[in-house]
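Engineer: There's a structure below that I have some questions on.
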Amino acid sequence: MERRSLRKKELVLQGNEACAKGAIYAGCRFFAGYPITPSTEIIEMMSAEMQKSGGAFIQMEDEIGSACAIIGARWGGKKAMTATSGPGYTLMQEAIGFAAVTETPIVIVNVQRGGPSTGQPTLSSQQDIYQARYGSHGDYEIIVLTPSSVQEMFDFTVRAFELAEQFRTPVIVLADEVVGHMREKIAVEGGSKIIESVKHQYVVSPQADFFQGKNTMVEGQLHDEQGRRIGHLAKRSGEFINDINRKISDNTDIIASIDTYFMEDADVAIVAYGSVARPSLNAVKLARGVKDGRIASKLRIVKDLFRKGVQETLHTDYSHLKVGLVKINTVWPFPEKLLKEAAKNADIIIVPEMNVGKYFREIERVFKDKAVISMPKCGGDIHTPKEILDKILEEAGINE
Amino acid sequence: MRINIRFAGAGGQGVILASVLLAKGYGLGENYNISQTQSYGPEARGGACKAEVVISDETIDYMKVDTADVFVAMNQIGFNKYIDTVKKDAVILVNSTLVDEDTNGCYAIPATQIAEDMGKPFTVNMVMLGALTKLLPKIHFDTVEDEIRKVFAANVADSNIEAYRRGYDSIAEALADERKMA
């Protein structure tokens, strides 16, 4: 799951810090936010880094203000981001709809905590998976990325800025407490990546930033290419809705991204996203009989420790059990084509999620001929590899 | 190779910082893959606090610790809470000023006492980190010291490094005595 390149600088960072670094690298020069656990480190880092990189940081009065401020900043010509968690993300929903209808490229990071309401500030969840898709009112498509490592917190934030500009749409980085607070070694590039804001044929709304000598009208009501209201015209409004939805749904092939592990011959597929993909991969490896290696050493104490450090081996050999993992990087738009292709030979699909079992419904919808099994977990803890392995064995009809 | 390390203690003891510095030492200084996670309550201080570090020469899939190879307990509550989730024959290091029940077979260091004797009670985590650095394989005094120096402002770095050194030396002596006895 880690992508490394030797020419890059290696750092040990928290997921949230990597997200902030990714934003700066992608050219983000405006950040507005209101601190909330478990996303606060993003705001903390941005407050310092925006000054250094010649951008602007505002701590807003609340999350409504934060989301609105970044929309304004983007029309003012700056790439802009905000970051929040559960309750703050709920407050941002109106602005997300406004950004979708005005076709404003912004990036919103939601480091998920458990909910509803204030919920569990310091613990993890993936409960906002549907809110990320359907949170604002009306019909709109949205792009949502789910990082599962610190490296991906950096990479996916950069990708979010690219996709936002390419499709002129809000893009959500849907992280969770585990990946936000975890520290790992990552490789980052210095400097800035140039993400061009070009004019797109498939975008309906005005696209020229303010202060460019053009008359730009930003309108929340359905509108034409000059920003004039068309909400009272049924036919044109219908076309408008089709256009802003299809610019994303018709380009799912460009946007969608999955990673597959051991899927070539898999009868049982785990489908996971975000941090849960990590114990899932570990469970798949345990099932496949892939064991950690050892390092020999001279000192007695080292030897002892390293002997003890070898992972417990399983008593039963499951190497005949063909299990694989599909890790979903872009949960929305739903990567139906990629997923169908990746899991076409599997008979059983298990979907572990840190919620009551939500995304599983989407997967069930496209695999009517397979047994799709939900593996929900609520309470704030991530699934353990043992739990997922037990589920695999149970569904495969193997008793230990 | 994978080593699961768990730290437990109270919020305010520097449990998380100690784990981060160890992770950086292994990750940057010794070039291992590392994954550091933590969990804590909403309280700023006094609540239960746990931190975990996974060290591996391979890609780390599962970033958390279920059963620990190394367990570091900074107070009795943390010790009691997690002692049942360590592997058989795990290396256990306790802050013996605050952990004194059921510690047979553990490495013990009076970390709070050492920090208080220095007049720097906040450096208890550095004493523990020093002791741990001595106990653990494939990590060097200097690599962790470098990370300590990077994280603290210059005016407090020296006292933290002094605490780290005292922890390191204290366990080094204990290990030497153990070897003599054997």
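Engineer: Quick one: what does P(r) look like for segment A:1-146 with 10 Å bins over all Cα pairs, in whole %?
Structural biologist: 12, 41, 35, 11, 1
Engineer: May I pose another question? Given q = 0.11 Å⁻¹, what are the Debye log10 I(q)/I(0) values for the protein assembly as shown, with equal point scatterers placed on the Cα positions and solvent ignored?
Structural biologist: -1.03
Engineer: Oh, and also: Skipping prolines and chain starts, which residues have an amide H placed within reach, meaning under 5 Å, of the one on residue A:106, given they are 5 or more residues away or on another chain?
Structural biologist: A:169, A:171
Engineer: Under the rule of -39500 (n - 2.57) per DSSP H run of 4 or more residues, summed and divided by the residues of chain B, what mean residue ellipticity at 222 nm is obtained, to the nearest 500 deg cm²/dmol? Provide the component values of the computation, followed by the final result.
Structural biologist: Details: 6 runs with 75 residues, N = 182.
So the helix-based figure for chain B works out to -13000 deg cm²/dmol.
Engineer: I've got another one for you. Using DSSP to define loop residues, name the GluC sites (Glu not before Pro) in segment A:211-247 whose beta-carbon has at most 15 other beta-carbon atoms within 10 Å.
Structural biologist: On the way: sites: A:219, A:225, A:239; in loops: A:219, A:225.
Those that pass, being in a loop and sparsely packed, are A:225.
Engineer: Let me ask something additional. Quote the charge dipole size of chain B about the Cα centre in Debye, to the nearest 20; the model charges only the Cβ of Lys and Arg (+1) and of Asp and Glu (-1).
Structural biologist: Working: 18 positive and 25 negative charges, 43 e Å.
Charge dipole, chain B, about its Cα centre: 200 debye, nearest 20.
Engineer: Quick check on chain B: take the gyration tensor over C-alpha atoms, sort the square-rooted eigenvalues as a ≥ b ≥ c, and tell me if it's rounded (a/c under 1.5), prolate or oblate.
Structural biologist: Details: a/c = 1.12, a/b = 1.06, b/c = 1.05.
Because its axes are fairly even, with a/c under 1.5, chain B counts as rounded.
Engineer: Quick test of the membrane-span-like rule: which DSSP H helices of chain A reach at least 24 Å along their long axis (C-alpha atoms) with mean Kyte hydropathy at least 0.0? Could the numbers behind the result be given before it?
Structural biologist: Working: long enough: A:150-167 (25 Å, 0.15).
The answer, listed by residue number, is A:150-167.
Engineer: Right, next: Cross-link candidates for residue B:50: which lysines have Cα within less than 16 Å, leaving aside residues fewer than 8 places away along the same chain?
Structural biologist: Answer for residue B:50, where 16 Å is the Cα cut-off: B:64, B:81, listed by chain and number.
Engineer: Which of the lysines could a cross-linker bridge to residue A:337, judged by Cα under 22 Å and excluding same-chain residues fewer than eight apart?
Structural biologist: Qualifying lysines at Cα under 22 Å: A:247, A:327, A:358, A:368, A:370.
Engineer: Let me ask something else. Could you tell me whether segment B:1-78 comes out rounded, prolate or oblate from its Cα gyration tensor? Rule is a ≥ b ≥ c as square roots of the eigenvalues, rounded for a/c under 1.5, then prolate if a/b exceeds b/c, otherwise oblate.
Structural biologist: Working: a/c = 2.25, a/b = 1.87, b/c = 1.20.
Prolate.
Engineer: What shape does segment A:70-171 have by the C-alpha gyration tensor, where a ≥ b ≥ c are the square roots of the eigenvalues, rounded means a/c under 1.5, and otherwise prolate means a/b greater than b/c and oblate the rest? The partial results should precede the final answer.
Structural biologist: Details: a/c = 1.84, a/b = 1.31, b/c = 1.41.
Oblate shape, in that a/c is at least 1.5 and b/c is the bigger or equal ratio.
Engineer: Could you run the Karplus curve 6.51 cos²θ - 1.76 cosθ + 1.60 with θ = phi - 60° over segment B:107-120 and give me ³J(HN,Hα) per residue in whole Hz, x for Gly and Pro?
Structural biologist: 7, 10, 9, x, 5, 4, 4, 4, 5, 5, 4, 6, x, 10
Engineer: What average count of beta carbons from other chains do you get within 10 Å of the Cβ of residues in A:180-191?
Structural biologist: Working: counts 0, 6, 7, 14, 10, 12, 1, 0, 0, 0, 0, 0.
If you average over the peptide's residues, the count of other-chain Cβ atoms is 4.
Engineer: Tell me which lysines have Cα within less than 18 Å of residue B:150's Cα, excluding those fewer than 8 residues away on the same chain?
Structural biologist: List returned: A:9, A:185, B:24.
Engineer: Taking Rh as the Kirkwood radius computed over C-alpha pairs, what is the Stokes-Einstein D of segment A:62-106 at 37 °C in a medium of viscosity 0.692 mPa s, expressed in µm² per second?
Structural biologist: Values: Rh = 10.3 Å.
Calculated translational D: 318 µm²/s.
Engineer: So for segment B:83-153, what are the equivalent ellipsoid semi-axes in whole Å, largest first, each being the square root of 5 times an eigenvalue of the Cα gyration tensor?
Structural biologist: After diagonalising the Cα gyration tensor, the semi-axes are 23, 18, 9 Å.
Engineer: Hey, can you grab everything whose amide H is under 5 Å from the amide H of residue A:350? Only 5+ residues off in sequence or another chain; H modelled, so Pro and N-termini drop out.
Structural biologist: A:269, A:270, A:271, A:373
Engineer: Which order results if B:24, A:78, B:134, A:8 are arranged by neighbouring Cβ count within 10 Å, fewest first?
Structural biologist: On the way: B:24 25, A:78 17, B:134 22, A:8 13.
Listed from fewest to most nearby Cβ atoms, that is A:8, A:78, B:134, B:24.
Engineer: Taking the Cα centre of chain A as origin, sum charge times position over the Cβ atoms of Lys and Arg (+1) and Asp and Glu (-1), and report the length of that vector in debye to the nearest 20.
Structural biologist: Working: 49 positive and 52 negative charges, 219 e Å.
In total the dipole reaches around 1060 debye.
Engineer: Enumerate the calculated ³J(HN,Hα) couplings along segment B:78-88 in order (Karplus 6.51 cos²θ - 1.76 cosθ + 1.60, θ = phi - 60°), each rounded to whole Hz, writing x wherever the residue is Gly or Pro.
Structural biologist: Each residue's phi maps through the Karplus curve to give x, 4, 5, 5, 10, 4, 7, 10, 8, 6, 4 Hz.
Engineer: Give, rounded to the nearest 20 debye, the magnitude of the charge dipole that segment A:1-153 has about its Cα centre when Lys and Arg contribute +1 at Cβ and Asp and Glu contribute -1 at Cβ.
Structural biologist: Details: 13 positive and 15 negative charges, 147 e Å.
Rounded to the nearest 20 debye, it is 700 debye.
Rule-based calculations on the coordinates, nothing more; no lab input. Computed from a predicted structure; not experimentally measured. Here the Cβ is made from the backbone with ideal geometry for all residues, glycine too, and neighbour counts use every protein chain on show.
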